[in-house]
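The values are calculated or read from the model by the stated rules, or taken from the named source; none is laboratory data. Remember, predicted model here, so these are calculated numbers, not experimental data. When we count neighbours, we look across all protein chains shown, and the Cβ atoms used for this are built from the backbone with ideal geometry, even at glycine. What goes into the accessible areas is simple: the full protein's heavy atoms, side chains included, and nothing from ligands, DNA or RNA. Shrake-Rupley method; radii C 1.70, N 1.55, O 1.52, S 1.80 Å.
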Amino acid sequence: MYDPAGNATDKAGGDVVFEEALPPPSVLEVVHRFVSLRTGSRLASDYRFHALPDACTYVIFDQRDPRICGITRLRAASHELDLGREFHFTNVRLLPGTWAGDSALGMIDAPYTGDLPLIEFGARLHERGFVDQQAILVELIEWFADHGLVSPNPTTRRIFEQIDEIHTVADMARAACLSPRQLQRTMQQSTGFAPHDFLKVIRLQQTLRSADHSSYADQSHFIRSFRAATGYTPGQFSRAFDV
């Protein structure tokens with residue numbers, strides 16, 4: 001199944017707590033993980049967080065200021081974020097292709113001004129522990145579902161169910177039970193990725209989860225692809241970040 005290596009944390013980060021939790025069955029078809037990232041004490045230097053390429057949509061809440069929240073979707077390039085020396089974020093990582101609303105690219109760093117009840121939910125999350133927050137996050141996802149903003153994606157679900165057998169876009173189309181033309185249209189609309197780019201992201205995630213580079217033609221191809229996606233060679237990245 002789909003398990004994106006979506007985050008890389010600074011190895012020199014100091015007192016930083018990163019937590020992930022699986023969603024309950026009621027939202028399992030649209031939510032991949034609940035995520036918390038926070039400092040336990042003020043750090044000696046700024047903290048780098050590397051948001052790796054993926055096709056997920058994120059709902060982000062700054063726990064230090066409930067007004068700062070929003071929806072963001074990463075594209076084919078990664079983003080290295082400087083979170084400063086003190087921070088606390090709670091996020092929902094939605095599965096690719098399940099978000100049907102608007103989204104912005106990049107880290108949320110300003111008060112939310114849209115129509116969704118994100119500030120209201122952010123205030124409810126404020127000063128609660130990560131375990132207690134998850135029930136509130138489920139309520140938010142159910143609100144999204146009731147308003148047509150999230151729904152299961154049968155195309156990506158079929159692809160993820162056969163992820164280990166997919167090596168080409170043609171394999172992806174067969175797994176999704178679509179023609180290549182239908183797959184192109186469906187993937188672009190629901191994930192923001194063309195099938196070829198989506199496959200490249202999946203391959204990168206698979207290599208970050210293991211030392212298996214078999215999806216690449218050769219080592220130099222892997223290194224070029226890795227650098228294009230992350231800005232680092234694999235060796236530089238492994239020295240700087242934990243995935």
Inspect segment 157-172 for any residue being open to solvent by 60 Å² or more (accessible area, probe 1.4 Å) and within 30 Å of I68 (Cα to Cα) and give the result as yes or no. no
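Residue-wise test of (1) surrounded by fewer than 20 Cβ atoms within 10 Å (Cβ to Cβ); (2) modelled with pLDDT of 90 or more.
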residue: A12; (1), (2): yes, no
residue: L22; (1), (2): yes, yes
residue: S26; (1), (2): yes, yes
residue: V30; (1), (2): no, yes
residue: L37; (1), (2): no, yes
residue: A44; (1), (2): yes, yes
residue: P53; (1), (2): no, no
residue: D62; (1), (2): no, yes
residue: V92; (1), (2): no, yes
Which of the residues belonging to segment 46-72 are more than 20 Å from Q206 (Cα to Cα) and charged (D, E, K, R)? D46, R48, D62, R64, D65, R67
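In segment 178-188, is there at least one residue being open to solvent by less than 50 Å² (accessible area, probe 1.4 Å), part of a loop (DSSP other than H, G, I, E, B) and in contact (Cβ under 8 Å) with a residue 12 or more places away in the chain? Before you say what the answer is, go through the steps one by one.
Initial filter on segment 178-188 (open to solvent by less than 50 Å² (accessible area, probe 1.4 Å)): 178-179, 183, 186-187.
Imposing the further condition that a residue be part of a loop (DSSP other than H, G, I, E, B) reduces the set to 178-179.
From the residues that got through so far, the ones that are in contact (Cβ under 8 Å) with a residue 12 or more places away in the chain too are 178.
Within segment 178-188 (the criterion being open to solvent by less than 50 Å² (accessible area, probe 1.4 Å), part of a loop (DSSP other than H, G, I, E, B) and in contact (Cβ under 8 Å) with a residue 12 or more places away in the chain), the answer is yes, since at least one residue qualifies.
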Single condition F198 does not satisfy, out of (1) surrounded by fewer than 19 Cβ atoms within 10 Å (Cβ to Cβ); (2) modelled with pLDDT of 80 or more: (1)
So which pairs qualify, if the first residue must be in segment 154-169 and under 12 Å from D3 (Cα atoms) and not assigned by the TED database to the domain that holds D54, the second must be of a type in the set (A, V, I, L, M, F, W, C) and open to solvent by 60 Å² or more (accessible area, probe 1.4 Å), the Cβ gap must be under 9 Å, and the two must be at least 6 apart or on different chains? F160/M1; E161/M1; I163/M1
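Would you mind stating whether V138 is touching a residue at least 24 places away in the same chain (Cβ under 8 Å), within 30 Å of Q206 (Cβ to Cβ), outside any strand (DSSP E or B) and of a type in the set (A, V, I, L, M, F, W, C)? Walk me through how you get there before you give the answer.
Working: touching a residue at least 24 places away in the same chain (Cβ under 8 Å): yes; within 30 Å of Q206 (Cβ to Cβ): yes; outside any strand (DSSP E or B): yes; of a type in the set (A, V, I, L, M, F, W, C): yes.
The answer is yes for V138.
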